[in-house]
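The values are calculated or read from the model by the stated rules, or taken from the named source; none is laboratory data. Predicted model only: the values in this text are computed from it and were never measured. All Cβ positions, even for glycine, are placed from backbone atoms using ideal geometry, and neighbour counts span all protein chains on display.
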Amino acid sequence: MPYRIYRHPDIEQDLFDIVDLIADYAGIIVTKRKLSEIEQSIRMLSETPHIGSLRNSIYPGLRAIPTARKGVITFVVDDEEEMVFIVSTTYARADWTRRVPERVGD
């Protein structure tokens, strides 16, 4: 059974920021493609929730996966609830390690 995907409330803003960043230097066509790749990576987590590198030093159970060539998605898996909680989405060297502690304390 697929895991449910939940997103931190700030994920939408993360994605808007990524769109603004990419559109400024690569244009709308590339921006749409990158956004689609990020969304596909998030959807994929419902079927393969335990992929990625564990980043326990940042937060217990935190995982990180690369996406869209320069992006990173961070998330936590709750096996009991069969849920993946998306903590952050970043792109082009944005400091996701700073976002995580702020967001998992919410």
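Restricted to region 35-72, and to residues there that are among the hydroxyl-bearing types (Ser, Thr, Tyr) and in a helix (DSSP H, G or I), the residue that is nearest to LEU21 (Cα to Cα) is SER36. Restricting VAL77, VAL84, VAL72 to residues that are touching a Pro at 6+ places or on another chain (Cβ under 7 Å), in contact (Cβ under 8 Å) with a residue 24 or more places away in the chain and within 30 Å of ASP24 (Cα to Cα) narrows the list to VAL72.
The set of residues in region 73-85 that are among the hydrophobic types (A, V, I, L, M, F, W, C) and either farther than 21 Å from ASP17 by Cβ or out of contact with any Ser or Thr (no Cβ under 6 Å at 6 or more places or on another chain) (or both) comprises PHE75, VAL76, VAL77, MET83, VAL84, PHE85. Looking only at residues of region 49-68 that are over 19 Å from ILE11 (Cβ atoms) and of a type outside the set (A, V, I, L, M), we find that the one that is surrounded by the fewest Cβ atoms within 10 Å (Cβ to Cβ) is SER57. Per the conditions (1) surrounded by fewer than 18 Cβ atoms within 10 Å (Cβ to Cβ); (2) on the phi > 0 side of the Ramachandran plot; (3) touching a residue at least 12 places away in the same chain (Cβ under 8 Å); (4) not basic (Lys, Arg), the sole criterion not satisfied by GLY27 is (3).
Criterion applied to ILE5, ILE11, ILE22 was being more than 13 Å from THR67 (Cα to Cα), at pLDDT below 95 and touching a strand residue (DSSP E or B) at 6+ places or on another chain (Cβ under 8 Å), and the one residue passing it is ILE22.
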